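Notes to accompany the following structure.
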Amino acid sequence: MNNLTMYSTTRRRFLQRAGAAGAGLGLHSLIPAFAGQSTGLRPGQATGPIDLSITRQPLDIGGQFGDTITINGSIPGPLVRLMEGQDAVMRVTNQLDEDTSIHWHGLLVPHQMDGVPGVSYAGIKPGETFRYAFPVRQSGTYWYHSHSGLQEQQGHYGPLIIDPIEPEPFAYDREYVVMLSDWTFENPMSVIRKLKKQSD
């Protein structure tokens, strides 16, 4: 065994042990849900309802606790994976004490499924579950987010991938989803007031 092989094996063992220790300590909550698993369909899988739960909870962000809105307990929310040509059904439960919504950004959906309160529907009231249902007519990489107040700035967003009907013309070992955002501990309403202020 040469030095390179020995280093690679040792590094692999270290990462496996560190991952197991982190899970044992509850550190898995710091990892976005889509880094480990996805909610939705795998290629060739039958359509089924996807359950998303919107809650408010404190989350450790860089050693400080932020007042966050999570989807299924994580920020960003879980990766929602759909298949082109199938019918999507998402059941979104609002566990907040205020109205919420989900807008499927960039998706071709019936207007009542677009998720914009006051335009396409009334929003999701506290304690209620709204059933989004629409045919999936496209493929690609998208995202979903709240259109209620400034909930998106508090963590209410997530990635969405729609696999094409035809298989990809290339092979890969693993797929990575990269989602960039920023975070502030300041109230989003205070931030928007500063951004909208006139110079005078």
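Readers should treat all values here as calculations from the given coordinates under stated rules, not as data from a laboratory. These numbers come from a predicted model, not from an experiment. Neighbour counts run over all protein chains shown; Cβ positions are idealised from the backbone, glycine included.
Miscellaneous remarks
- Ordering of 187-196, 114-123, 168-177 by packing [mean C-beta count within 10 Å, highest first]: 114-123, 187-196, 168-177
- Spacing of the two label points (7 Å from each Cα toward its C-beta) at Asp67 and Ile192, in nm: 1.5
- Considering every alpha-carbon pair of segment 125-200, the percent of pairs per 10 Å bin, from zero through the bin containing the longest distance, is 12, 32, 28, 19, 8, 1.
- Distance between the 7 Å Cα→Cβ label points at Thr141 and His105: 1.3 nm.
- Approximating the spin labels as points 7 Å out from Cα along Cα→Cβ, the Glu175-to-Gln57 distance works out to 2.6 nm.
- Relative packing of peptides 178-186, 136-144, 56-64 - highest average C-beta neighbours within 10 Å first: 136-144, 56-64, 178-186
- Tyr121/Thr184 FRET efficiency (R0 25 Å; Cβ-Cβ; nearest 0.05): 0.25
- Beta bridges per DSSP with both ends in segment 45-200, % antiparallel, nearest 5: 70
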